[in-house]
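Have a look at the structure below before the remarks.
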Amino acid sequence: MTRGYSDETQQGYTMDTVMEEAQRCLLCLDAPCSAACPAGTDPARFIRSVRFRNLKGAAETIRENNAIGGVCARVCPTERYCQQACSRCGIDRPIDIGGIQRFVTDFEETVGMEILKTGAANGKKIGIIGSGPSGLQAAAALLGLGYEVHIYEKSEKAGGYLRYGIPEYRLPERVVDREIEKIEKMGAEFHCGTDIGTDCTMDELKETYDAVLVAAGASVGKWLPMFEGNDRTETAVEFLARVKAKGGKEEVPDHVVVIGGGDVAMDAATTLKRLGAKRVTDVAYEELCEFLASEKELEGARQAGVTIIDGYIPEQVDGNTVTFKHRHMDARLCLGADKIILAVGQKPDVKSLGLEMEGNEAKADGYRTADPEVFVTGDLAEGDKTVVWAVRKGKEAAQAIHESLQERGSRL
Ligand SMILES: Cc1cc2nc3c(=O)[nH]c(=O)nc-3n(C[C@H](O)[C@H](O)[C@H](O)COP(=O)(O)OP(=O)(O)OC[C@H]3O[C@@H](n4cnc5c(N)ncnc54)[C@H](O)[C@@H]3O)c2cc1C
Ligand code: SF4
């Protein structure tokens, strides 16, 4: 079956099927799934609540630990975290933790539960640059501690890669909207369409707020030098952002070559097929046994009809023809394409913010930079570059700001 751009890949559980899945849980003591969740979402606890039909308790456990639990339920690579640690792996297959979390957060929405609470105002204000998952989670945690929070976002709408990266079929925009609404309801003020460094300077922000948290992510796609100036080439993140901004109304050419072997490459290639491209070939440096993309994403791309060629490096580009060379064998491959998409990584674009950088991360001690008023989080900070890690870092960065302001207060 050919799927359209917006058709969700995964179908959700019903009340009966979610209970069946929760009944398979072994209710482990010191549950390995909970220890393996980077964001501390505590699957063992919420699955136990589901088993006892306490969906309200399950929703509270998720939301109190993870302000964007509905998003994580859909996009978290659970096979690398909680599900990999699940005790049931040794018996048959892991519990579908992401699927159960999705059912609970959808239920929370259907019955209109309001779980996130704002703390008593403490008179202090925090400015956050970037409204991706880390900025959103940090905002929720800071609002819970009583801070006034303002989020500056250069794009037209909030959400970072949740809105302008991950395709609609994996993460519908309505899910992103409702997570943001919850944080807005807590009192966060969003200033979208405001580029810090252009519309307002970092120094102005520092004068206005007690602390500034930079959650600007890694928003620029990397280029391979040989493709610079080739007018058929663009990066996967540019392409995916445009498709999302246009709600999938994008004309795509017949033949496309995607270069890269990670999840972003799979997203671009699958999106192209769903938008009607006739032939999409993904060429990756990695061999299949070392592929960076998750099994789910690789399988999704294959099912959509993407041809995957592994172990090849681009050697030369001449107009619409790319020549690849095999990593180990003396073999070459020439592919003609109407369009070439590079999915070879992302990097930050934070020159205007005056951060000291070490590679793609800001130089910091934990989340504290050398400037006592400036903190960093998300993809700009050390640790995995995934949504669930962005949540973890957002929580920890909020705590670091809180502790720093308390230390500063006690010195005055
Ligand atoms: C196509 C794609 C698919 C992905 N799929 C998954 C997945 O399935 N699962 C997963 O776990 N992870 C996935 N990731 C990775 C994940 O999205 C990132 O790790 C995560 O979004 C990082 O969060 P963040 O808050 O640090 O930054 P981002 O989400 O990048 O958000 C940063 C925000 O800051 C804004 N900003 C930047 N500079 C400024 C400025 N000067 N002024 C104002 N605003 C600014 C940007 O516009 C952006 O909105 C994917 C990434 C991509 C690109
Ligand atoms: S590790 Fe698996 S079986 Fe054990 S509590 Fe967690 S989900 Fe249930």
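Looking at segment 15-110, the pairs of alpha carbons with a distance over 21 Å make up 19% of the total. Calculated [222 nm] ellipticity per residue, helices only, for the chain: -11000 deg cm²/dmol; basis is -39500 (n - 2.57) per DSSP H run with n ≥ 4, divided by all residues, nearest 500. With all pairs of different C-alpha atoms in the average, the Kirkwood value for the hydrodynamic radius of segment 108-191 is 13.2 Å.
DSSP beta bridges in the chain, what fraction antiparallel, as a percent rounded to 5?
35
Phe107 exposes around 60 Å² of accessible area when a 1.4 Å probe is run over every protein chain in place. Of the cross-linked pairs Lys206/Lys249; Lys351/Lys385; Lys206/Lys347; Lys296/Lys339; Lys125/Lys296; Lys347/Lys395, those separated by over 30 Å at the C-alpha level are Lys206/Lys249; Lys125/Lys296.
Its residue count N fixes a reference of 2.2 N^0.38 Å for segment 340-412, and the Cα radius of gyration divided by that reference is 1.27.
How much space per residue, in cubic angstrom, does the convex hull of the C-alpha atoms of segment 135-257 take up?
Hull volume normalised by residue count: 136 Å³.
Summarised in one figure, the compactness ratio Rg/Rh of segment 221-346, Cα atoms and Kirkwood Rh, is 0.93. Calculated from the alpha-carbon coordinates, the chain shows an Rg and a Dmax of 22.1, 69 Å respectively.
Solvent-accessible area of Met113, all protein chains in place: 30 Å² (probe radius 1.4 Å, heavy atoms, ligands and nucleic acids excluded). Solvent-accessible surface (1.4 Å probe) assigned to Ile308 amounts to roughly 40 Å².
Restricting segment 80-167 to trypsin sites (Lys or Arg not before Pro) that sit in a DSSP loop and have at most 10 other Cβ atoms within 10 Å of their own Cβ leaves Lys117.
If you take the Cα centroid of segment 196-238 and the Cα centroid of segment 153-173, the two points sit 16 Å apart. Over segment 221-346, Cα pairs under 8 Å with separation of 6+ residues give a relative contact order of 34 percent. Across segment 296-308, coupling constants 3J(HN,Hα) worked out from phi with the 6.51/-1.76/1.60 Karplus curve, θ = phi - 60°, read 4, 5, 5, 5, x, 5, 4, 4, 6, x, 6, 8, 10 Hz, and Gly and Pro carry x. Can you give the percent of C-alpha pairs in segment 233-293 whose distance is more than 16 Å? Counting every Cα pair in segment 233-293, those more than 16 Å apart make up 41 percent.
The values are calculated or read from the model by the stated rules, or taken from the named source; none is laboratory data. Remember, predicted model here, so these are calculated numbers, not experimental data. No Cβ is skipped: glycine too gets one built from the backbone with ideal geometry, and neighbour counts run over all protein chains shown. We work out accessible area using only protein heavy atoms, side chains counted, and drop any ligands, DNA or RNA first. Shrake-Rupley method; radii C 1.70, N 1.55, O 1.52, S 1.80 Å.
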